[in-house]
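Presented below is the structure to which this report refers.
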Amino acid sequence: EGYQESFSQDLLYHLMVNSLHLPPLRERRDAIPVLANDILQREAERMNRPIEGFTDELMDLLLKYDFPGNVQELSDIVTTCVINAESGVVGMDSLAHYMKDILTTGSRGLAGFHPRKLDEVVKEHVSKTVRYMGGDKAKAAVELGIDIDSLSEILAED
């Protein structure tokens with residue numbers, strides 16, 4: 001126990017004294033092309049793929065994205081592009097579909113999102129709640145904060 005306490009305190013001391021602040025990638029946009037090209041060259045060499053660079057369109061997209069996953073996320077995107085590349089230049093066609101959604105919407109929360117009519121969303125939610133409640137519409141109505149007649153009306157809508 002004494003070793004763990006001294007080790008933990010010693011480690012904490014060194015971390016506090018030797019801390020280094022690295023701003024997130026979204027605050028260092030000028031570093032994105034440099035890092036992306038470095039990762040591209042390293043991965044292309046590792047995979048023995050003759051890839052020379054990025055299309056302007058893809059690089060512009062990378063520059064606009066916030067990279068909540070920082071450099072690791074950039075690395076994952078570039079590595080996937082190297083794997084999928086069909087020519088010597090990595091472009092939009094090299095991105096996985098989910099990555100296109102993420103990069104173009106700027107948010108993981110919107111990846112794969114498609115607007116729908118509100119009544120469709122409500123009906124789906126009510127239907128799932130009824131299933132969750134084991135088919136008991138009365139319990140589902142209570143859970144949803146509506147009366148049973150409203151619940152039945154929503155489910156009956158086409």
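The values are calculated or read from the model by the stated rules, or taken from the named source; none is laboratory data. Since the structure is predicted, the reported quantities are computational estimates derived from the model, not experimental observations. Glycine gets a Cβ as well: all are built from the backbone with ideal geometry, and neighbour counts include every protein chain shown.
Name every residue in region 4-63 that is free of Cβ contacts under 8 Å to residues at least 24 places away in the same chain, part of a helix (DSSP H, G or I) and closer than 24 Å to Leu95 by Cα, in order of residue number.
Glu27, Ala31, Val34, Asn37, Asp38, Gln41, Arg42, Glu45, Arg46, Asp56, Asp60
How about region 129-140: which of its residues are of a type outside the set (Phe, Trp, Tyr), at pLDDT below 90 and farther than 10 Å from Leu151 by Cβ?
Arg131, Met133
Just the residues that are closer than 30 Å to Asp101 by Cβ and assigned to a loop (DSSP other than H, G, I, E, B), please, taken from region 112-137.
The answer is Gly112, Phe113, His114, Pro115, Arg116, Lys117.
I want to confirm something. Restricting to region 68-95 and keeping residues that are among the hydrophobic types (A, V, I, L, M, F, W, C) and buried (at least 19 other Cβ atoms within 10 Å of the Cβ), which single residue is nearest to Ile32 (Cα to Cα)?
Going through the qualifying residues, I end up with Leu74.
For region 100-128, give me each residue that is within 30 Å of Arg26 (Cβ to Cβ) and either at pLDDT 90 or above or touching a helix residue (DSSP H, G or I) at 6+ places or on another chain (Cβ under 8 Å) (or both).
Passing the criteria: Lys100, Asp101, Ile102, Leu103, Thr104, Gly106, Arg108, Leu110, Ala111, Gly112, Phe113.
Could you list, in sequence order, all residues of region 67-92 that are of a type in the set (A, V, I, L, M, F, W, C) and not in a helix (DSSP H, G or I)?
Selection gives Phe67, Ala85, Val89, Val90.
If you scan region 138-158, which residues turn out to be assigned to a loop (DSSP other than H, G, I, E, B), among the small types (Gly, Ala, Ser) and either in contact (Cβ under 8 Å) with a residue 24 or more places away in the chain or surrounded by 12 or more Cβ atoms within 10 Å (Cβ to Cβ) (or both)? Working first, answer last.
Taking region 138-158 as the starting set, the residues that turn out to be assigned to a loop (DSSP other than H, G, I, E, B) are 145-147, 157-158.
This time we only want the ones that are among the small types (Gly, Ala, Ser), so: 145.
Listed by number, the list is empty, since nothing qualifies.
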